[in-house]
Amino acid sequence: MTSPKAPTAPFSPAQLGTQILIGWSGSNPGTGRETAFLLTYTLGDAPGGPEAGERAMRTALERSGLRVGGETLDASDLPNLPVKLLIQAGQAVLTLPHFTAQYTVPPEWLAVARSEGKVHGMFATRPWPAAVPGQPVGEDLLRSFVGDPEVISTSAHCLMPVRSLG
């Protein structure tokens, strides 16, 4: 006997467009503890435009086991979750089945990440074309994006253990 499967949308990693990481540290509103955050988003420059990129990001996240719009997962409790964060030589390398991205982390972020042993990953499905590589992102601009209720509710959230090479 077979069971029906939910249809899956066609997907190619190229549909994601340019993937970006931004890290910051601060007080976590849920716990009050100092937390290292890592935001993953797309510029919305995928073939087919921002809407296609948003659909592709949602598909990539769901295929990776992340819950878009759901509760924050703790990857420490889910050893088979294919979401990995490696911190080495001042770089954060985030790996999911459909993409890998690297980010040079600020020293204060690195100190908090190592102290806490976890990083709060926010995986936005909504494109953010205003935050382009090579241009500084001010605190107010960052806060307006990551604090937008629509961005929060259409993102996946995951606590990722800090791993390093030795």
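Hey, could you grab the Kirkwood Rh for segment 22-121? Inverse mean 1/r over distinct alpha carbon pairs, Å, one decimal. Can you show the working numbers first?
Values: mean 1/r = 0.0681 Å⁻¹.
Final number for the Kirkwood radius of segment 22-121 is 14.7 Å.
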| Cα-based Rg of segment 91-166 normalised by 2.2 N^0.38 Å, two decimals | 1.18
| Where only alpha carbons of segment 54-107 are counted, the Rg and the Dmax (Å) | 12.4, 34
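If you rank VAL151, VAL132 by how much accessible surface each has, with a 1.4 Å probe, what is the order from largest down?
Details: VAL151 0, VAL132 55 Å².
I get VAL132, VAL151, largest accessible area first.
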| message | So with the 1.4 Å probe, I'd like the accessible area per residue for the chain, rounded to whole Å². | response | 53
| query | What percent do you get for the relative contact order of segment 62-166 when only Cα pairs under 8 Å and 6+ apart count? | reply | 42
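The values are calculated or read from the model by the stated rules, or taken from the named source; none is laboratory data. No experiment lies behind these values; they were computed from the predicted model shown. Protein only, heavy atoms only, side chains kept; ligands, DNA and RNA dropped before computing areas. Shrake-Rupley method; radii C 1.70, N 1.55, O 1.52, S 1.80 Å.
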